1. Quote the Stokes-Einstein diffusion coefficient, in whole µm² s⁻¹, for the range 263-356, based on the Kirkwood radius over alpha carbon pairs, a temperature of 25 °C and a viscosity of 0.890 mPa s.
2. What would the Debye equation give as log₁₀ I(q)/I(0) for the range 155-271 at q = 0.24 Å⁻¹, counting only Cα atoms as equal point scatterers?
3. Take the Cα gyration tensor of the range 3-149, multiply each eigenvalue by 5, square-root it, and list the three semi-axes largest first, rounded to whole angstrom.
4. With no solvent and one equal point scatterer placed on each C-alpha of the range 68-150, evaluate the Debye formula and give log10 I(q)/I(0) for q = 0.11, 0.25 Å⁻¹, two decimals.
5. List the DSSP H helices in the chain whose Cα atoms stretch 18 Å or more along the helix axis and whose mean Kyte-Doolittle hydropathy is at least -0.5.
6. Taking Cα centroids, how far is the range 218-240 from the range 48-88 in Å?
7. Need the full-extension length gain, Lys150 to Trp250, defined as separation in residues times 0.36 nm minus the C-alpha distance. One decimal, nm.
8. Per residue, how big is the convex hull around the C-alpha atoms of the range 32-119? Give it to me in cubic angstrom, could you?
Amino acid sequence: MCVMFFANLSALNISREIVYILFAAGAYGCIFTVLVLALIFGPRALRNVKRRKITALPQGLSPLDVQRIFIGKTYPRKLTRALLVWWAQCGYIKIEQISKYKVRVRKLRGMPWHSDGAVFFDRGTYVREKELFGILEYAMIRGDIINILKPLLSKGAVEKLNETFAVREDEGVYPAKHYQLKIITLVLCWLPLIFTVVWDCIYLSSALPLLFLLPAAIGYFVLMFVPSMPILFKLLWCGMWLGGSLGGLWAVTNGCYDPAGLYFAALAIIFSGSFVLVRFVDYREKINLEDYSMLINYRRYLLFAPKRETAGDDYYAALPYIYAFGIKPLVKHKYVIKDIPDWYEDSSGGGKGALL
């Protein structure tokens with residue numbers, strides 16, 4: 001096929017250089033399009049943030065709400081400290097410090113059903129949170145010691161819980177257009193490599209480079225879309241299928257005519273586009289933008305308000321959100337921290353632990 005293709009080119013007096021320029025234009029056009037999508041949609045949410053001073057969040061808004069509003073999904077395994085402090089602030093638990101990073105939790109009362117006067121920001125998130133709290137109750141009954149640096153709940157427990165809900169967490173956060181844009185971006189990230197491989201086949205008059213595309217795509221798919229696979233096995237799998245295929249492709253096509261560096265540009269956009277730029281292709285529901293704006297302004301207040309403003313705020317009331325935002329080392333010094341709260345007890349004799 002490739003030989004026939006070049007025979008036709010010769011008949012039409014079209015040189016290989018012109019064909020290469022066409023493929024290079026297609027590849028770099030895809031790269032440029034990915035960059036444009038990231039620039040257009042990346043700042044969209046921030047453009048809709050109405051700058052105003054937010055010094056506290058609505059009553060009932062939990063760290064899980066913060067996650068859901070930001071990314072359309074909750075990851076309670078990443079919120080151990082935020083959830084412990086939040087539930088303690090709500091009066092559900094009492095925390096006993098065992099050592100700097102270890103605590104024991106005692107249940108004071110259960111979370112009320114949403115229909116029994118419970119205070120919450122989002123009903124769906126509250127229902128999930130109540131189920132998560134129910135899982136933690138078993139650890140409280142056993143008197144388990146909790147390491148605040150590790151996930152509060154097992155991965156299997158969280159996955160099993162998520163399977164019981166029919167409504168997706170991203171309802172009201174991301175519309176179908178958001179996911180369509182994500183898919184288009186990922187396809188555009190791969191097209192430069194496809195252009196490069198097709199050009200290599202034409203140049204070599206051989207279909208051999210095409211054989212590396214399928215295993216590379218399989219490795220990429222596993223890396224991107226199979227989160228349940230153990231991380232070490234996933235890295236080994238992807239190293240063989242994705243890394244091995246790309247390395248083999250380079251070995252086969254190393255001598256091909258490529259003054260524009262299509263191969264390296266294609267690799268750069270696959271990895272930077274799939275893991276970085278695609279995160280900026282964000283299209284939120286308008287109703288979510290209001291909540292997103294509120295959180296952005298509150299986080300801005302925590303980060304940039306002078307100490308004289310935050311000194312009068314309740315540090316322990318803000319602590320669950322400080323943990324959820326991941327900014328505790330940056331803002332703790334701006335608060336006047338008084339005695340330890342009623343829900344916290346030090347049994348280690350070493351003063352306040354890392355949780356506070």
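1. 146
2. Result of the Debye calculation: -1.34.
3. 57, 21, 14
4. -0.30, -1.39
5. Those that pass (Cα extent of 18 Å or more, hydropathy at least -0.5) are 16-41, 123-142, 176-204, 262-275, 286-304.
6. Comparing the Cα centres of the range 218-240 and the range 48-88, I get a distance of 30 Å.
7. Length gained between Lys150 and Trp250: 31.9 nm.
8. 175
Each value in this text was obtained by applying a stated rule to the coordinates, not by laboratory testing. Quick caveat, the model's predicted, so the values are computed rather than measured.
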